[in-house]
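Each reported figure results from applying straightforward, stated rules to the coordinates on display, with no laboratory input. The structure presented is a predicted model; accordingly, all values stated were derived computationally and were not measured. Cβ atoms come from the backbone with ideal geometry, glycine included; neighbour counts cover every protein chain shown.
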């Protein structure tokens, strides 16, 4: 799942915002054209939601189309195994470990050696077609292009495991200012935030069958 709050900044301004680092909500909320609909539109465009009627085929076909275009432009090969690994990642709402991928691939066809799957994952990550979730030692498909100054943020649900990729111009700008002020050059700016997704929160707040029956009585 990908939620795009704002377009990434090509060259982040090292000057801190007027309110100083940390005012991420203000920067995003007050930008021209910002509205609640912006988040919903980005969420829908991403296509990765864990509703029961979600179209998994759209996720897979979109990821494959992007991978094929990327490989063609760079003179790379999307080998059959790389394609199968990418398809499995795109079909999952949660990050998958290498051995989970081996099991999934074996259930639907030839079971590849774990080392071959690791090599395919290395390729997908290197080409920006997948991300590694360090806290889970697992991988998730990437659905968008990232610039050199982009910050990738993952929202990881501790209840269901669903992981959303979030892009925010404000986060990138504040982190660019903070790292430059410290004389630090980030190599791989990734933030992982654990918590509870909206769907799991709603499920937890919904009254159970006994409570519903008591209310009806």
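Model label sites at residue 159 and residue 119, defined 7 Å from Cα along the beta-carbon direction, differ in position by 4.2 nm.
Annotation for residue 91 and residue 146: the two label points, set 7 Å from Cα along the Cα-Cβ direction, are 2.5 nm apart. Here the peptides 80-90, 99-109, 123-133 are ranked by packing, the mean other Cβ count within 10 Å, and the order with the highest first is 80-90, 123-133, 99-109.
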